[in-house]
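Have a look at the structure below before the remarks.
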């Protein structure tokens with residue numbers, strides 16, 4: 001493998017900076033994800049909270065209903081998984097707003 005241009009003592013950051021300047025990417029920064037969940041609009045935050053709660057509850061209802069239908073125990077698993085789905089939805093919302 002050939003030595004990097006400029007000798008062996010050139011650091012990675014210097015080589016990266018030189019490559020970016022050759023490509024015309026000198027002033028750009030790498031895209032970073034949002035670290036603040038409150039940076040969005042209130043509608044976006046409310047929609048996210050609603051989707052988290054409803055989706056978790058729907059999954060719980062579906063699992064409970066299917067287990068009850070398969071095992072022939074009508075309200076038992078549906079009740080259990082409705083509670084578990086609701087708890088999972090609340091946990092997801094809690095993690096969304098936790099510091």
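Read-outs: derived from the displayed coordinates by stated rules, not from any lab. None of these values were measured; they are calculated from a predicted model. Reconstructed Cβ throughout: ideal geometry from the backbone, glycine too, with neighbour counts over all protein chains shown.
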Query raised in the report: Mind ordering 81-89, 17-25 by average Cβ neighbours within 10 Å, highest first?
Result: 81-89, 17-25
Requested in this report: Give the Kirkwood hydrodynamic radius (Å, one decimal) of the range 48-87, defined as one over the mean of 1/r across all pairs of different Cα atoms.
Outcome: 9.9 Å
Query raised in the report: For residue 83 and residue 26 in one chain, what is 0.36 nm times their gap in residues minus the Cα-Cα distance, to one decimal in nm?
Result: 15.2 nm
Report summary line: Length gained, residue 17-residue 41, 0.36 nm per residue minus C-alpha separation, equals 5.1 nm
